[in-house]
Structures are given as structure tokens and as C-alpha cells.
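Taking it in order: structure first as C-alpha cells, then the write-up.
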Amino acid sequence: MTLTELMQLVDARTYTPTLMRDKDIQFGFCSDLMSDALVIMNSVKDKTILDHTILITGLATQQSIRTAEMLDVDVVLLVRGKIPSEKVIILAIEANLMLISTEVTMFNASGLLYEKGIRGVKYNIQW
């Protein structure tokens with residue numbers, strides 16, 4: 001699924017409009033705790049899947065952008081109507097990261113994406 005199709009599916013608003021509209025998204029991962037995102041995503045066996053992964057979160061802070069950046073995940077979807085501050089948007093632009101948001105809940109956004117073929121990240125539990 002292209003990022004444009006994903007955005008249409010969840011009726012997303014973009015905060016970094018010139019970036020990656022044709023990016024191929026195949027996987028997703030949800031977390032409001034960025035420490036969980038780092039632990040789980042860093043245990044992914046095949047790092048190439050991160051190139052096609054979207055981070056879905058309700059955390060509209062610089063921490064979510066920094067976490068995505070560290071993981072080499074370049075698309076962040078904010079759920080539950082979260083609106084990022086100007087600082088967060090600027091940081092996303094500087095990081096060359098696509099930042100989008102939706103009114104849809106995390107559960108429903110995940111379900112919609114799963115229904116259209118986006119799969120959860122499979123990881124190797126190492127803790």
C-alpha cells in the first residue's frame with residue numbers, strides 16, 4: 001500500500017506534505033511507550049522491513065520523532081486526533097520523516113490497515 005492510499009484510508013492530515021507520498025508501506029507497529037518501541041523494534045531480525053514500516057502512536061512529542069529516527073522508520077501516524085506542536089513538526093521535517101495524524105483510534109487504525117494487507121512487525125523476543 002502506498003502512503004497516499006494509507007492516508008486516504010484513515011483520512012489522515014499531513015504535517016510534512018512534500019515527503020514520500022509514494023512510499024511503500026507493508027508493516028506497522030503501535031506503541032505509546034517509545035521505550036517499548038525501541039526494545040521491540042530493535043529486536044527485528046530483518047532490518048530491511050523497517051524501510052516499509054509505519055509507527056502508529058498517540059504520543060505527539062519530539063520523543064516519537066526521535067524514536068522513529070533512531071529506528072530508521074520514516075513514517076509516524078498520530079492517532080486519536082493528536083496534534084503535534086510546531087517544534088515536533090519542524091523536527092520531523094529536519095529528520096526527513098513523514099508525520100501524519102488521524103482522528104481514528106489506534107485500535108481502529110490498526111484494524112483498517114490490517115484489513116488492507118499491512119502486517120504487524122514480527123520480532124525476535126530477546127528479553
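No lab work stands behind these numbers, since they all come straight from the coordinates. Remember, it's a predicted structure, so these values are computed and weren't measured experimentally. No Cβ is skipped: glycine too gets one built from the backbone with ideal geometry, and neighbour counts run over all protein chains shown.
Between LYS116 and ASP32, what is 0.36 nm times their sequence separation minus the Cα-Cα distance? Round to one decimal in nm.
27.9 nm
If one puts a single equal scatterer on every Cα of the chain and applies the Debye formula without solvent, what log₁₀ I(q)/I(0) results at q = 0.12, 0.19 Å⁻¹?
-0.37, -1.00
Subtract the Cα-Cα distance of LYS47 and ASP72 from 0.36 nm times their separation in residues, and report this length gain in nm to one decimal.
8.1 nm is the gain from fully extending LYS47 to ASP72.
Given labels modelled 7 Å from the Cα in the Cβ direction, how far is it in nm from GLN8 to THR105?
Using points 7 Å along Cα→Cβ, the separation is 2.7 nm.
What is the fewest-to-most order of PHE107, PHE27 by other Cβ atoms lying within 10 Å of their Cβ?
PHE107, PHE27
Out of LEU77, LEU55, LEU91, any idea which swings most in a Gaussian network model of the chain, alpha carbons joined below 10 Å?
Top of the fluctuation ranking is LEU91.
Springs between alpha-carbon atoms under 10 Å, Gaussian network over the chain: tell me which of ASP22, ASP72, ASP51 tops the mean-square fluctuations.
Evaluated over the chain, the most mobile residue of the options is ASP22.
Please report, in debye to the nearest 20, how large the charge dipole of the range 3-120 is about its Cα centre when each Lys and Arg carries +1 at its beta carbon and each Asp and Glu carries -1 there.
Dipole about the Cα centre, nearest 20: 140 debye.
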